[in-house]
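J.: I'd like to ask some things about the structure below.
The values are calculated or read from the model by the stated rules, or taken from the named source; none is laboratory data. Everything numeric here is computed off the predicted structure, so don't read it as measured data. Note that we place each Cβ from the backbone using ideal geometry, even for glycine, and neighbour counts take in every protein chain shown.
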Amino acid sequence: MTDILKQKMRSLKGGKAVDYYQLLDIPRVANPEDIEYRYHELAKKYHPDRSKSPDAHEKFIKIKEAYETLKNPPKKKVYDACLPPEEKAVEASSEPEDFEGFSSEPEDFEGFSSDSDAPSPDSSISPGPDQPVSGPKGAFKSTGISYVSFKSDRESYPSGPASFSKDTGETGKPERSKYVLSEKSLNRHDRSKEVSYGSGQNGSGQNCSGQNGSGQNSADWSYVKVKYEGIDEDIDDDAGKKSGFSAGFALRKAFRYTVVLICIFLVLTIVSPDLVGAKASGLGAVTETFDKVVLLAKSLV
Amino acid sequence: MAQVRSKVLGIDLGTTNSCTAIIELGEPKVITNSEGKRLIPSVVGFSKKNELLVGDLAKRQIISNPENSVQSIKRYMGKPDYRVPLNKEHYTPHGISAMILQKLKADAEKYLGDAVGKAVITVPAYFNDSQRFATKKAGEMAGLDVLRVINEPTAAALAYGLRDGVEDQKILVYDLGGGTFDVSILKIKHGVFEVLATCGDTELGGDDFDQKIVDYLLSEFKEAEGTDLSENVEALQRIKEAAERCKIDMSSLTTANVDLPYISENKRLDMEISREQFEAMTEDLVNKTISIMEKSLKDAGLSPQDIDEVILVGGSTRIPAVAKRVEDFMGKTPLRNINPDEVVAMGAAVQAGILGNEYLKSSGNQQVDGGNLVLLDVTSLTLGFETVGDTTAFIIPRNTTIPTRNSKVFTTHYDNQEVVRGKILQGEEQEASKNVALGTIILENIPPSLKGVPRIEVTFDIDANGIINATARDLATGNMRSVTIERPAGLND
Ligand SMILES: Nc1ncnc2c1ncn2[C@@H]1O[C@H](COP(=O)(O)OP(=O)(O)OP(=O)(O)O)[C@@H](O)[C@H]1O
Ligand SMILES: [Mg+2]
């Protein structure tokens, strides 16, 4: 169920719902046979094995997402309930974010900028040419409700040039700046300096040994390619960041999250709770889901 | 009109045997090698004169020269630190596999009278990311541009699906080879081959059946003669070979004999095994395959009655007890008219045809171009992300159609945490350290705030080639890190 929640929240937050029916070019009353037939036709056209177009990957993912929702009766029910009335959807479809046009839309990536604008976390990471992440901006707006803490520590992030080296093998490709982070030196770093912190959720503090164990495990993986990218919107100046949280902005956000919350309640009333519980991976129970959603909404409003 | 012949090989790189096919006049044709055979043993060795031997020649000298022969190398693919001592050198598993592929390539070129540089190679559906990578690497080392690595049971389904009258069917492929076991369930409709579920065990195959017989012979011999042969390399090799022959004999006979004179000094190993004994010894292995089959049906949300055809692939499905158990469980006689040794290579050739948009003959005998077919395969292993307390947050569940993408939002677990890091994991285990780590994502420069406040979105993206791309993004600042899976150094040798 998290999938559909995510989709819903994504589309609602973006202020524009993706009309899966429009995407598959089928009427809303289409029966399962028609939906499947259409999916098969589009898959033969847009699957990257069939289409040499560079955005075939994105197109296929969209089509698949639509099909996976519409072929599954409970998901479809939820989706249909959250879908705006038909005339509004028609309006939305005239927007360029419809899948036929999204991938080449430059505004999809408007939030991103070369990482030279971003504060470099370490002087040894030199900025390189930026490459926008493939895919529509919308794809990165998805907000799952599973809310799990990272395993992390303050010390383990390596500083000093020794940990980084340029991946000469890859730098020939100008469109993508990649730096190789030596995982081996990172692990050494881990073992000597790693401090462990107890997690609120998991009760007792876990100790270094567990992390060391897994560190050893990953010692085989000598190289990890890391691409650093920044975004200008909120980072390039602090003033911008503050102005971002102006009253109007906060109000709008509050409104969005109210909508999100309403949608979730809707979902939970339509779909049986055990289905929600079963699918909400990473979370134990429905109540926990609620907690997290409320927390999430609170933290933003 | 169609090209008469494709330029891309379909290769089944098996644990025991390998096979090559190519599309000719719209149909997959198995290539006959220089020894006049359609299969070659996946064995590599060096002769006493230091010549490289691959296939039948290598297999023939295993007993006389066991130290300089390797078989079943596929079981070690993707293990970064595994090396094979051979001819005073140490080879990687993919290095050995490359020698097999080189031989297949050379044989194909001889047969076709033309150079070939491209291939689609098959792997067990349950191979993980590094095993797939190693296979691709082996192809490259053999001078082949590997257009795609595809799953063996899926390949079998492709070859089957081109037959007359196959439309709107759900099929189950049960593939028990020499070293691996896979089950895949597919729906074939409108020229779309959609994998519904796949499951398997990369360490379950005919070799394990042989081993049961070997263990039995060793213990019987020890009891009768008081000699332990398990440390005697040459004797063990002879016993292994005899055990396999005995197993194969029992597929047509009810008792089989193992007779090995002078196995140790002047002693003779002479024993008879009945099919009943063999079936009792190997019952647990067969049970394991049945429960994996059950699991895949469950994953697909289907019951045995929903399956229209059951296809048996792999030499080990010739074991009568195996075929019988599958038939009993599925309530259906498996298809008999499919060559279980060749169908995988043929399917790989079909996928090569689809990728190259070549003409393929499909049901009704009409010529269709590859554009009327597409294979929608799945990720066979769940992709997850490591979180606090050695737990895995599952992000892309197994059996998701690829290409695909999914995200989850994570947060910090103490106040003012600046750096978050976690491993990208492949596997079904809740405990993170029990899964295979593919790499690590580190995101730094998180603005100071209370724990649980930052929202870090982790996105995994898998493309049609199965290549994984992972991204972590701080939703507040937009800071982002993207990680392309890099392989352990040991796989790059
Ligand atoms: N008639 C038979 N009866 C029993 N077992 C057989 C028979 N013929 C072949 N086998 C076994 O089948 C196995 C080889 O099967 P196959 O060639 O399909 O495997 P493979 O494709 O090389 O392996 P994998 O698919 O696991 O990588 C061997 O273990 C062999 O002993
Ligand atoms: Mg096989």
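J.: Select from segment B:36-59 the residues that are assigned to a strand (DSSP E or B) and either in contact with a Pro (Cβ under 7 Å, 6 or more places away or on another chain) or within 16 Å of ligand 1 (Cβ to nearest atom) (or both) and list them in ascending order.
T.: B:Ile40, B:Pro41, B:Val44, B:Val54
Here is a yes/no grid of residues against (1) out of contact with any strand residue (DSSP E or B) (no Cβ under 9 Å at 6 or more places or on another chain); (2) small (Gly, Ala, Ser); (3) under 20 Å from A:Asp49 (Cβ atoms):
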{"residue": "B:Ala142", "(1), (2), (3)": "no, yes, no"}
{"residue": "B:Val149", "(1), (2), (3)": "no, no, yes"}
{"residue": "B:Pro153", "(1), (2), (3)": "no, no, yes"}
{"residue": "B:Leu158", "(1), (2), (3)": "no, no, yes"}
{"residue": "B:Gly161", "(1), (2), (3)": "no, yes, yes"}
{"residue": "B:Lys170", "(1), (2), (3)": "no, no, no"}
{"residue": "B:Val173", "(1), (2), (3)": "no, no, yes"}
{"residue": "B:Gly177", "(1), (2), (3)": "no, yes, no"}
{"residue": "B:Ile185", "(1), (2), (3)": "no, no, no"}
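J.: Would you confirm, using the coordinates I've provided, whether B:Lys324 is surrounded by fewer than 19 Cβ atoms within 10 Å (Cβ to Cβ), in the same structural domain as B:Arg148 (by TED's automatic domain parsing) and in a helix (DSSP H, G or I)?
T.: So B:Lys324 fits the description; yes.
J.: Now a separate question. Output the number of the condition that B:Glu203 fails; it satisfies all remaining conditions of (1) surrounded by 18 or more Cβ atoms within 10 Å (Cβ to Cβ); (2) within 16 Å of ligand 2 (Cβ to nearest atom).
T.: So B:Glu203 meets the others, but not (1).
J.: Mind listing whichever residues of segment B:6-29 are closer than 29 Å to B:Tyr359 by Cα and within 14 Å of ligand 2 (Cβ to nearest atom)?
T.: B:Gly10, B:Ile11, B:Asp12, B:Leu13, B:Gly14, B:Asn17, B:Ser18, B:Cys19, B:Thr20, B:Ala21
J.: Moving to a separate point now. Out of (1) under 16 Å from B:Ala155 (Cβ atoms); (2) more than 14 Å from every other protein chain (Cβ to nearest Cβ); (3) away from ligand 2 (no atom under 16 Å from the Cβ), what's the single condition that is false for B:Glu234?
T.: (1)
J.: Say we look at segment B:373-401 and pick out the residues that are more than 7 Å from chain A (Cβ to nearest Cβ) and not in a strand (DSSP E or B); which of these is modelled with the lowest pLDDT?
T.: B:Leu373
J.: From the list B:Tyr82, B:Tyr111, exactly one residue is more than 26 Å from B:Arg238 (Cα to Cα) and not β-branched (Val, Ile, Thr). Which is it?
T.: Unique residue meeting the criteria: B:Tyr111.
J.: So which residues in segment B:16-35 are in contact with a Pro (Cβ under 9 Å, 6 or more places away or on another chain) and within 16 Å of ligand 1 (Cβ to nearest atom)?
T.: B:Thr16, B:Asn17, B:Ser18, B:Ala21
J.: Further question: State yes or no: is B:Val483 within 8 Å of chain A (Cβ to nearest Cβ) and modelled with pLDDT under 95?
T.: yes
Quick grid of which residues meet (1) within 16 Å of ligand 1 (Cβ to nearest atom); (2) in a helix (DSSP H, G or I); (3) within 22 Å of B:Arg487 (Cα to Cα):
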residue: B:Gly95; (1), (2), (3): no, yes, yes
residue: B:Met99; (1), (2), (3): yes, yes, yes
residue: B:Gln102; (1), (2), (3): no, yes, no
residue: B:Lys105; (1), (2), (3): no, yes, no
residue: B:Thr122; (1), (2), (3): yes, no, yes
residue: B:Arg132; (1), (2), (3): yes, yes, yes
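J.: Among (1) buried (at least 19 other Cβ atoms within 10 Å of the Cβ); (2) away from chain B (no Cβ under 12 Å); (3) closer than 22 Å to B:Ala300 by Cα, there is one condition A:Leu24 misses while meeting the rest; what is its number?
T.: Unmet condition: (3).
J.: Please verify whether segment B:80-98 includes one or more residues that are within 16 Å of ligand 2 (Cβ to nearest atom), touching a helix residue (DSSP H, G or I) at 6+ places or on another chain (Cβ under 6 Å) and either among the acidic types (Asp, Glu) or away from every other protein chain (no Cβ under 14 Å) (or both).
T.: yes
J.: I've got another one for you. Within segment B:266-287, take every residue that is part of a strand (DSSP E or B) and crowded, with 16+ Cβ neighbours inside 10 Å and give me the one that is nearest to the chain's Cα centre (by Cα).
T.: Looking at the filtered set, the residue picked out is B:Ile273.
J.: Here's a follow-up. Of everything in segment B:196-217 that's outside the structural domain of B:Asn128 (by TED's automatic domain parsing), in contact with a helix residue (DSSP H, G or I) (Cβ under 7 Å, 6 or more places away or on another chain) and more than 13 Å from ligand 1 (Cβ to nearest atom), which residue is farthest from B:Asp377 (Cα to Cα)?
T.: Once the filter is applied, the top-ranked residue is B:Leu217.
J.: Continuing with the same structure: Name the pairs whose Cβ atoms lie under 8 Å apart, with the first residue in segment B:165-186 and within 14 Å of chain A (Cβ to nearest Cβ), the second within 16 Å of ligand 2 (Cβ to nearest atom), and 6 or more positions between them or separate chains?
T.: Every condition considered, the pairs that remain are B:Leu186/B:Thr154; B:Leu186/B:Ala157; B:Leu186/B:Val173.
J.: Answer yes or no: is there a residue in segment B:172-195 that is over 22 Å from the mean Cα position of the chain (by Cα), more than 10 Å from ligand 1 (Cβ to nearest atom) and assigned to a loop (DSSP other than H, G, I, E, B).
T.: yes
J.: Within segment B:428-441, is even one residue within 16 Å of B:Asp474 (Cβ to Cβ) and within 9 Å of chain A (Cβ to nearest Cβ)?
T.: Scanning segment B:428-441, I find at least one residue that is within 16 Å of B:Asp474 (Cβ to Cβ) and within 9 Å of chain A (Cβ to nearest Cβ), so the answer is yes.
J.: (1) within 16 Å of ligand 1 (Cβ to nearest atom); (2) crowded, with 18+ Cβ neighbours inside 10 Å: which one isn't true of B:Ile263, the others all being true?
T.: B:Ile263 satisfies every listed condition except (1).
J.: So the check is Cβ under 7 Å with 6+ separation or different chains; which pairs have a first residue in segment B:299-314 that's in the same structural domain as B:Asp328 (by TED's automatic domain parsing) and a second one that's in a loop (DSSP other than H, G, I, E, B) and aliphatic (A, V, I, L, M)?
T.: What qualifies is B:Glu309/B:Leu335; B:Val310/B:Leu335; B:Ile311/B:Leu335; B:Ile311/B:Ile338.
Results for (1) within 16 Å of ligand 1 (Cβ to nearest atom); (2) surrounded by 15 or more Cβ atoms within 10 Å (Cβ to Cβ); (3) within 23 Å of B:Ala280 (Cα to Cα); (4) touching a residue at least 24 places away in the same chain (Cβ under 8 Å), shown as yes or no for each residue.
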| position | (1), (2), (3), (4) |
| --- | --- |
| B:Lys222 | no, no, yes, no |
| B:Glu234 | no, yes, no, yes |
| B:Glu241 | yes, yes, yes, yes |
| B:Cys246 | yes, yes, yes, yes |
| B:Ala256 | yes, yes, yes, no |
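J.: Looking only at segment B:14-30, decide whether some residue is among the polar types (S, T, N, Q), over 30 Å from B:Val350 (Cβ atoms) and in contact with a strand residue (DSSP E or B) (Cβ under 7 Å, 6 or more places away or on another chain).
T.: The answer is no, given that none of the residues of segment B:14-30 is among the polar types (S, T, N, Q), over 30 Å from B:Val350 (Cβ atoms) and in contact with a strand residue (DSSP E or B) (Cβ under 7 Å, 6 or more places away or on another chain).
J.: Something else: Would you mention how many residues in segment A:29-60 are within 7 Å of chain B (Cβ to nearest Cβ) and in contact (Cβ under 8 Å) with a residue 12 or more places away in the chain?
T.: 5
J.: Give segment B:471-480 a look and list any residue that's surrounded by 23 or more Cβ atoms within 10 Å (Cβ to Cβ) and more than 7 Å from chain A (Cβ to nearest Cβ), or say none.
T.: B:Ala472
J.: Related question: Any chance you could count how many residues in segment B:405-427 are aliphatic (A, V, I, L, M) and more than 7 Å from every other protein chain (Cβ to nearest Cβ)?
T.: Going through segment B:405-427 one residue at a time, the tally reaches 2.
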